[in-house]
Amino acid sequence: MKKICVITMVRNDEFNLAKWVEYYGRELGKENLYIYFDGTDQVIPDFCDGCHAELRPRNPGMVVKSEKIRLGFLSEKAAELMKSGYDIVIGTDADEYLVVDPKLEKGLAEYLSSLNIKSSVSGLGVDLGQNLNEEGVIDGTIPYFEQRRYGYLCSRYTKPSVIAAPVMWGSGFHRIKGHNFHIDPNLFLIHTGSIDLKMIEDRMKDNDLISTGRLKHIQKRAKTIFVISQAKKIRQWDGTVGKVRWVQQHIRPVNAWNKPWNPVSKVVVRIPDRFVGLL
């Protein structure tokens, strides 16, 4: 087995971080979780016991500048972790979960250890959202896939999260500077920032987020909920994800060749029963 760790940076997001620690702690061991809190005004929660958790000075500036600083810092930390002995580093936000298709019956560490990764690998992006027609307010004590069964296959979340060599991530982990990307057929990056409309509405009133220009970013999350709730066609997962993966792998934006693109209409799928229990 290869030595694998995961890193993130978080601010004022204990709800998502608790699930993040629970999931990656189970898959990789809490001793391989590296959490950097953006601001010395933050408090490290008790559930981070056993992880490498550290307060650092808050990233200055509005969202574009602070994101550049954040990903520069995390890229440097990933390189340091590899130098210290890690074979693979996973970089995600606190609301993102890299999962292996349960049909393989393999855990994340086992599956990643079997791959020959040159620089990076991506999971197909799945924006997990609330279907307002049938799904209520999220309950953090109940597994997510028991409460949310629809996903928007969004190229925005097909990120090069897994690296096996020092690289420089772009803002939000959306690309690696100077490198191509490869989407693995059995990996998915589940984004949970759109799982609850009430939660999004509350965050839109957060002065801390608004003061750094993040309001539009939060508003985009509500869009996913409406895409899912108003979808005229819900597609079956098997048979759809492979086609979308091919499109994202082979069709690129003209001005961003190292990012995936999904030029087709918004594709909404139902999450298969085999995923229940993963998150």
Between His182 and Arg270, 0.36 nm times their residue separation minus their Cα-Cα distance comes to what? 29.3 nm
In which sequence would Lys223, Lys177 go, from the one with the fewest C-beta neighbours within 10 Å to the one with the most? Lys177, Lys223
Length gained if Leu115 through Gln236 is fully extended, taking 0.36 nm per residue and subtracting the Cα-Cα distance, is 40.8 nm
Lys, Arg +1 and Asp, Glu -1 on Cβ, resulting dipole of the chain about Cα centre, debye, nearest 20: 1420
Of the residues Val99, Val126, Val43, which exhibits the maximal mean-square fluctuation in a Gaussian network model of the chain defined by a 10 Å Cα contact cut-off? Val43
Fewest-first ordering of Met199, Met1 by Cβ atoms within 10 Å yields Met1, Met199
For Thr40, Thr158, what ranking results if the residue with the fewest other Cβ atoms within 10 Å of its Cβ goes first? Thr40, Thr158
Of the labelled options (1) 19.7; (2) 19.1; (3) 21.5, which one gives Kirkwood radius over Cα pairs in Å as computed for this structure? (2)
Here the relative contact order (percent) of the chain, from C-alpha pairs under 8 Å and at least 6 apart, is 21
The size of the Cβ-based charge dipole (Lys, Arg +1; Asp, Glu -1) of segment 1-126 about the Cα centre, to the nearest 20 debye, is 480
For Asn116, what is the net charge nearby, where nearby means another residue's Cβ is under 12 Å from its Cβ and Lys, Arg count +1, Asp, Glu -1? 0
Rounded to the nearest Å, what's the spacing between the alpha carbon centres of segment 217-279 and segment 100-172? Just the number, please. 12
Which value at 222 nm does the chain reach when only helices count, each DSSP H run of 4 or more adding -39,500 (n - 2.57), with the total divided by all residues and rounded to the nearest 500 deg cm²/dmol? -8500 deg cm²/dmol
So the FRET efficiency between Leu104 and Met204, C-beta based with R0 = 30 Å and rounded to 0.05, is 0.20
Measure up Lys77/Lys266; Lys65/Lys223; Lys65/Lys106; Lys68/Lys223; Lys65/Lys259 against 28 Å on the Cα-Cα distance and list the ones that go over. Lys77/Lys266; Lys65/Lys106
Between Ile210, Ile176, Ile88, where does the largest GNM mean-square fluctuation fall for the chain, given springs only between Cα atoms within less than 10 Å? Ile210
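Where a number appears in this text, it was derived from the coordinates with a stated rule and is not lab data. Since the model is a prediction, treat every value here as computed from it, not as a measurement. Because the Cβ atoms are built from the backbone with ideal geometry, glycine has one as well, and the counts that use them run over all protein chains shown.
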